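Have a look at the structure below, then the notes.
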Amino acid sequence: MSLFTCIQILAAAFLFAWSLPRREPTRPRAIAACLFVLAWSALLALLMSQIASNPVLIVVVFSLTICAASAITYFVFESSVWSALFCSTAGYTMQNLASGISSGAFALLGKSLSVNIVWQVLPFVVVYALCYVALISRIKQSGLELVQPQVALGAIVLVICAVIAFDVVVKELYNYSLPLELILGCRVAHTLLCVTILYLEYELLYNRRLSREVTTITRLMEDEREQYQLSKRTIEAINLKCHDIRHQIRQIGQEHPTIDQHFIDEAAKEVSIYDSAIKTGNEPLDVILTEKSLTCSKDKIALSTIVDGTCLSFMSPSDIYSLIGNALDNAIEAVQALDDPSMRTISVVIEQRGDMVIIHVENYFKGQLTFEDNLPQTTKDDKDAHGWGMKSMRLVVSRYGGAMHTNVRGNIFHLNAVIPHRKDAQDAEEIAPPDDALGAAS
């Protein structure tokens, strides 16, 4: 029975740590972990036979079991000590939840052999599966890596004082001739306590990850504000200088008629490429489209635009730069990987339809895209350093009460954003984001 209990606890801890990378060499570590579990289960059986009548020592032994599970988790997975401890406390709580349900079933249905076999396995399968779907599958590696010492220590204190102690007290009640209703009531209370603690631990991870993402996106937007100002000044300087150069070329052609006129025309044409600022009626949008059109021209990408910049006049320049700039950067990066010239195209449509502003960007791509929470996941290896652009775009759209949707049809990627049009220009910082805006962006 002690081996079964140790396997249950370790399996639960491993489920919580599953998003973390494994330490190398994996197989020897797994074998060593199995041997440790066998040794610890034997020691646990010996200890429990000696202290079965002492509730305090039982609490101590199971507290040490959590520490042992933490050590194995740290040994197998690339995690900090605190992350391993957090996974073990959460895993123990999940195991205790299933164990409590099983004990309640024994008390309610009796201890016949058929019931005993079923309720030794079924509660753990059901509880572990439900916890995985509802909580564990949503826990990211980045969230586990952010576990702080005070969080991990707080979690183990809470589990020891609440989950383990309460479970030991409830089991002690079986030794007294108490009404079945009272025992079942205590089991229900223990179940609710375990569920509450699991939810609190999940929320701690979620909030830590959300806080990190908000910080990262905020820093990204600050960088984009600075980049917008730099791009604006750069394009203005280039256009001014190229405008002067073009006139100087024309003047040279007039003053020196012996120079080949075709050469003069070609030189003026080449310079005019850089003196071709796009005019949409919205200065920030002009800067973005001009900047990206130069990139597209250099890389032989056809950029098609049907844009009414005036319909975005209510948005702040930095938000326009962040939204449209990130969309075009992603499209350009995808198209650059294509060899077929006919597929190196990007289409941008920005227009007002009724009271809504419609933003549509589409481009060809190659490969496979995976989506999470309706956002394409970055294909780069370093997931933590990339993929923030899409999240910042959706945050901008949410800030104005809009919605953003992405999908793939064949080998064409579509990005659509719908934003309620505001008649008066309003700085984005004055618009309070919806309550779920940051959650949606995560």
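The values are calculated or read from the model by the stated rules, or taken from the named source; none is laboratory data. In this text, all values refer to a predicted model and were calculated from it rather than measured experimentally. Quick reminder, even Gly has a Cβ in these numbers, built from the backbone with ideal geometry, and neighbours come from all protein chains shown. All accessible areas refer to the heavy atoms of the entire protein, side chains included, with ligands and DNA or RNA removed. Shrake-Rupley method; radii C 1.70, N 1.55, O 1.52, S 1.80 Å.
From largest accessible area down, sort D355, D329; use a 1.4 Å probe on the protein chains. Don't skip to the end; give the middle numbers.
Numbers: D355 120, D329 70 Å².
Ranked list, largest accessible area first: D355, D329.
Between V349 and E372, how high is the FRET efficiency from 1/(1 + (r/R0)^6) when r is the Cβ-Cβ distance and R₀ = 41 Å? Nearest 0.05. Walk me through the numbers on the way to the answer.
Values: r = 26 Å, r/R0 = 0.64.
The pair V349/E372 has a calculated efficiency of 0.95.
Could you check how much of the accessible area of segment 7-69 is carbon and sulfur, as a whole percent, using a 1.4 Å probe?
Details: 2570 of 3370 Å².
Result for segment 7-69: 76 percent of the exposed heavy-atom area is carbon or sulfur.
Can you give the FRET efficiency to the nearest 0.05 for R29 and Q148, using r as the Cβ-Cβ distance and R₀ = 25 Å? It would help to have the intermediate numbers written out before the result.
Values: r = 26 Å, r/R0 = 1.04.
E between R29 and Q148, to the nearest 0.05, is 0.45.
Probe 1.4 Å, all protein chains in place: accessible area of I31 in Å², nearest 10?
Roll a 1.4 Å probe over it and I31 shows about 90 Å².
Accessible area of C161, 1.4 Å probe, to the nearest 10 Å²?
C161 has an accessible surface of roughly 100 Å² with all protein chains in place.
Kindly report the accessible area of segment 275-385 per residue (heavy atoms of protein chains, probe 1.4 Å, no ligands, DNA or RNA), in Å². Intermediate values should be presented prior to the final figure.
Values: 5190 Å² over 111 residues.
On a per-residue basis, 47 Å².
Give me the net charge of Y92's neighbourhood, meaning all other residues with Cβ under 15 Å from the Cβ of Y92; Lys, Arg count +1, Asp, Glu -1. Let's see the in-between values first.
Values: positive: none; negative: D167, E201.
With Lys, Arg at +1 and Asp, Glu at -1, the neighbours total -2.
With Cβ to Cβ distances under 10 Å as the rule, what net charge do the other residues near A331 carry (K, R +1; D, E -1)?
Details: positive: K292; negative: D329, E333, E362.
Surrounding charge for A331 is -2.
Going by a ≥ b ≥ c, the root eigenvalues of the Cα gyration tensor, does segment 290-375 fall in the rounded group (a/c under 1.5), the prolate group (a/b larger than b/c) or the oblate group?
Because a/c hits 1.5 or more and a/b exceeds b/c, segment 290-375 counts as prolate.
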